[in-house]
1. Restricting to the stretch 99-115, give me the number of residues that are surrounded by fewer than 15 Cβ atoms within 10 Å (Cβ to Cβ) and under 29 Å from the mean Cα position of the chain (by Cα).
2. If you check E212 against the conditions, is it in contact with a Leu (Cβ under 9 Å, 6 or more places away or on another chain), at pLDDT below 85 and more than 25 Å from V65 (Cβ to Cβ)?
3. For the stretch 7-47, how many residues meet the condition of being under 30 Å from G102 (Cβ atoms), surrounded by fewer than 18 Cβ atoms within 10 Å (Cβ to Cβ) and at pLDDT below 85?
4. Select from the stretch 48-68 the residues that are within 37 Å of the chain's Cα centre (by Cα) and surrounded by 13 or more Cβ atoms within 10 Å (Cβ to Cβ) and list them in ascending order.
Amino acid sequence: MLDARPAAATAALGAALVLVAGLLDAEPLYVGGIAFLLAALIAAVWVLPGARGVRLERRIAAPRVLEEEPLAVEVRVLSRRPLPLAALHDDLLPAPAPLPAGRRSACVQISVRFARRGRKVLAPPRVALRDPLGLVTRTVAGRGADEVLVLPRLEAVRVDPSAGDGAGPGTRRGRPAADAETDIDGLRQHRPGTPASRIFWPALARRGELLERRMKAEGDTRPLVVLDPRGAAEPEDLDAAVRAAASLAHHLARRGGCALLLPGDRRPVVLEPGLGAWPQAHARLALVEEGHAPALGGAAGRAGEILYVTARRSARPPRALARAPRGAVVLVVPGALPGRRPAFAVAGCSGYALRGAVAEVAA
């Protein structure tokens with residue numbers, strides 16, 4: 001983009017002075033008129049050739065970054081000819097960065113932080129080249145926009161030892177969630193390769209029949225983190241709920257595994273202690289928007305603890321969780337509920353173990 005309006009005005013003024021000097025035979029006006037014409041011409045010659053062949057390259061250290069974490073960005077300005085006076089314009093800069101004149105390349109280092117999660121589209125950087133008088137300005141833009149995915153930051157789960165059993169999220173009746181897969185779900189015929197610890201010896205002793213214990217599926221007994229982004233009073237409440245869900249899911253996955261139910265999904269994402277599925281789940285959490293409800297149809301039938309994280313500051317879980325086992329529902333809300341002591345706090349949210357969850361929902 002070329003802005004030569006000041007040069008055109010200067011040249012017009014010089015031409016007018018020369019014309020008046022010729023009409024009135026006022027020789028002193030020739031000096032001023034010619035000076036203005038030369039200034040406009042020199043400014044164009046100064047800037048336009050130097051702007052040819054200028055290109056910009058922006059390099060981003062990583063395509064993903066956590067909220068409030070620094071991200072290194074490097075912008076390089078390259079030219080086939082020495083640069084005139086120039087300044088780099090980028091939305092990531094608080095003010096244009098001046099570039100040294102007379103060089104064929106320049107590099108600007110930027111450290112940027114993003115306060116909120118989501119996909120950030122970065123407009124191409126621009127370099128503005130001008131003459132010392134500012135009569136001619138040529139702006140050269142980089143090619144294409146860049147994208148950065150800002151992930152919700154992870155915060156520690158702070159447990160209140162005086163509330164409940166002090167075990168924190170991911171436990172039920174004092175038993176770690178990782179041990180829940182040892183629950184017996186019945187008997188079946190013995191299969192070759194089954195460990196001896198799972199053989200039901202009383203049946204072999206009484207009837208000579210070889211049976212084995214059938215265990216409950218891990219996906220039904222691990223803690224389930226449910227995110228409900230509806231009803232946020234302020235955008236900050238939605239962001240706090242997303243951070244709490246991400247922090248709880250990461251915390252429970254490392255302790256033995258959990259499941260994460262996101263809005264719009266019919267089945268939860270299973271997170272193992274190795275965190276193989278965590279990067280994709282973390283990226284999806286960054287893009288959660290208000291308005292989509294989680295599918296709670298199969299959540300109430302789970303045997304594990306349900307951590308219902310909501311953006312609404314409500315003291316009751318949804319009615320779809322009325323069939324959940326008593327004491328297995330944990331309500332996580334932004335801020336705190338008046339008159340109640342939370343069992344734990346995470347990312348600006350408070351978690352409350354609903355010992356009488358069935359009665360409260362049915363009321």
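1. From the stretch 99-115, those surrounded by fewer than 15 Cβ atoms within 10 Å (Cβ to Cβ) are 100-105, 107, 109, 111, 113, 115; that's our starting set.
Now narrow it down to the ones that are under 29 Å from the mean Cα position of the chain (by Cα): 107, 109, 111, 113, 115.
Going through the stretch 99-115 one residue at a time, the tally reaches 5.
2. Numbers: in contact with a Leu (Cβ under 9 Å, 6 or more places away or on another chain): yes; at pLDDT below 85: yes; more than 25 Å from V65 (Cβ to Cβ): yes.
Considered against the rule, which asks whether it is in contact with a Leu (Cβ under 9 Å, 6 or more places away or on another chain), at pLDDT below 85 and more than 25 Å from V65 (Cβ to Cβ), E212 comes out as yes.
3. 1
4. At the first step, the residues of the stretch 48-68 found to be within 37 Å of the chain's Cα centre (by Cα) are 53-68.
Listed by number, the residues that qualify are V54, R55, L56, E57, R58, I60, R64, V65, L66, E67.
The values are calculated or read from the model by the stated rules, or taken from the named source; none is laboratory data. From a predicted model like this one, the values you see are computed outputs, not experimental measurements. Every residue, glycine among them, receives a Cβ derived from its backbone with ideal geometry; neighbour counts consider all protein chains shown.
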